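Trainee: One structure, pasted below without further comment.
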Amino acid sequence: MPVQAVSAGAILFRDTRGRREYLLLKSRPGDWEFPKGGVEGNEELQQTAIREVKEEAGIEEFRLVDGFREDYDYVFEANGKTIHKTVHLFIARSFEASAELSTEHRDLQWRDYEQALNTITQDGPRDILKKAHAYLEDVAEDGDEGETQYLA
C-alpha cells in the first residue's frame, strides 16, 4: 500500500518589461517545477506554500492571489516504498525582481508563459500552469487581481 504524502507550493510570477514571467526551479533529479514542499506539522496548505516560496526561491515580498488552487498527483519510489503524493498549487505574485537558488535545486529561471510550458517536465504542473495563466488573464481583464496579504 502506498504511503500518502501532501505538498503545497506556488506558481510564482512577476510582471517585468510588460510581460508576465513564471519562476521555475530545476530539482536535483532534473525536473523543472514550481517552489513546493511537504506540509509540516499542523500547517495549512497556504502556509506551506508561503514557507516553500521563501525557502526555495529566497523571495520574501510576494502575495498569494485569491481564488486559485489546483492539485495534481503522482507516484514514485523512495527507500523501497511507493509514495503517492498530492501537490496543491496556489498562485503568487512576486514583488522582487530576482530569486535565490536554494541548495535543494540546481538551477532557476524566470520564463514567459510559452517558455515555461516548454520547460516544465511533468504533465501535472504544466496543465496547472495553463489554468493559472488563464485565471490571471481573466482577473486582469476584470481589473482586480484579488491579491491577499499573507502573514509571515
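The values are calculated or read from the model by the stated rules, or taken from the named source; none is laboratory data. Computed from a prediction, not measured in an experiment: that's the story for all the values here. Counting neighbours? That spans all protein chains shown, and the Cβs are built from the backbone with ideal geometry, glycine included.
Trainee: Residue under question is D71, and the condition is that it be over 24 Å from A5 (Cβ atoms) and either at pLDDT 95 or above or of a type in the set (D, E, K, R) (or both); does it hold?
Mentor: No; evaluated as a whole, the condition is false for this residue.
Trainee: Considering region 16-43 alone, what residues qualify as being touching a Gly at 6+ places or on another chain (Cβ under 7 Å) and not in a strand (DSSP E or B)? Explain how you work it out, then say what you get.
Mentor: We begin by selecting, within region 16-43, every residue touching a Gly at 6+ places or on another chain (Cβ under 7 Å); these are 34-37.
Of everything in region 16-43, those that are touching a Gly at 6+ places or on another chain (Cβ under 7 Å) and not in a strand (DSSP E or B) turn out to be F34, P35.
Trainee: Under the condition of being in a helix (DSSP H, G or I) and in contact with a strand residue (DSSP E or B) (Cβ under 6 Å, 6 or more places away or on another chain), which residue from region 81-124 is nearest to V39 (Cα to Cα)?
Mentor: Pass one, region 81-124, residues in a helix (DSSP H, G or I): 113-119, 123-124.
Filter again for in contact with a strand residue (DSSP E or B) (Cβ under 6 Å, 6 or more places away or on another chain), leaving 116, 119, 124.
Values: A116: 26, T119: 26, G124: 19 Å.
That would be G124.
Trainee: Just checking, how many residues over region 69-81 are touching a Lys or Arg at 6+ places or on another chain (Cβ under 8 Å) and in contact (Cβ under 8 Å) with a residue 24 or more places away in the chain?
Mentor: Restricting attention to region 69-81, the residues satisfying the condition of being touching a Lys or Arg at 6+ places or on another chain (Cβ under 8 Å) are 70, 73-76.
Remaining after also requiring in contact (Cβ under 8 Å) with a residue 24 or more places away in the chain: 70, 73-75.
Going through region 69-81 one residue at a time, the tally reaches 4.
Trainee: Quickly run through region 62-96 and pick out the residues that are touching a Ser or Thr at 6+ places or on another chain (Cβ under 7 Å) and within 20 Å of R20 (Cβ to Cβ).
Mentor: Across region 62-96, the qualifying residues are F62, R63, L64, D66.
Trainee: Which one of D31, D73 is surrounded by fewer than 17 Cβ atoms within 10 Å (Cβ to Cβ) and touching a helix residue (DSSP H, G or I) at 6+ places or on another chain (Cβ under 8 Å)? First the steps, then the outcome.
Mentor: Working: D31 fails: touching a helix residue (DSSP H, G or I) at 6+ places or on another chain (Cβ under 8 Å).
Of the residues listed, the single one that is surrounded by fewer than 17 Cβ atoms within 10 Å (Cβ to Cβ) and touching a helix residue (DSSP H, G or I) at 6+ places or on another chain (Cβ under 8 Å) is D73.
Trainee: Restricting region 91-118 to residues that are of a type in the set (S, T, N, Q) and touching a residue at least 12 places away in the same chain (Cβ under 8 Å), which is nearest to R69 (Cα to Cα)?
Mentor: Only one residue fits best here, namely S94.
Trainee: Can you find, within region 44-68, the residue that is farthest from L12 (Cα to Cα) among those that are in a loop (DSSP other than H, G, I, E, B) and touching a residue at least 24 places away in the same chain (Cβ under 8 Å)?
Mentor: First, pick out the residues of region 44-68 that are in a loop (DSSP other than H, G, I, E, B): 44, 58-61, 66-68.
Checking which are touching a residue at least 24 places away in the same chain (Cβ under 8 Å) leaves us with 58-61, 66-68.
Working: G58: 12, I59: 10, E60: 12, E61: 11, D66: 13, G67: 15, F68: 13 Å.
This residue is G67.
Trainee: Within 19 Å of Q109 (Cα to Cα) and β-branched (V, I, T): is that true of I83 in this structure? Give the steps one after another, and end with the answer.
Mentor: Details: within 19 Å of Q109 (Cα to Cα): no; β-branched (V, I, T): yes.
Answer is no for this residue.
Trainee: Just checking, which of K81, K54 is among the charged types (D, E, K, R), surrounded by fewer than 19 Cβ atoms within 10 Å (Cβ to Cβ) and within 28 Å of P2 (Cα to Cα)?
Mentor: On the way: K54 fails: within 28 Å of P2 (Cα to Cα).
Result: K81 is the single residue among K81, K54 that is among the charged types (D, E, K, R), surrounded by fewer than 19 Cβ atoms within 10 Å (Cβ to Cβ) and within 28 Å of P2 (Cα to Cα).
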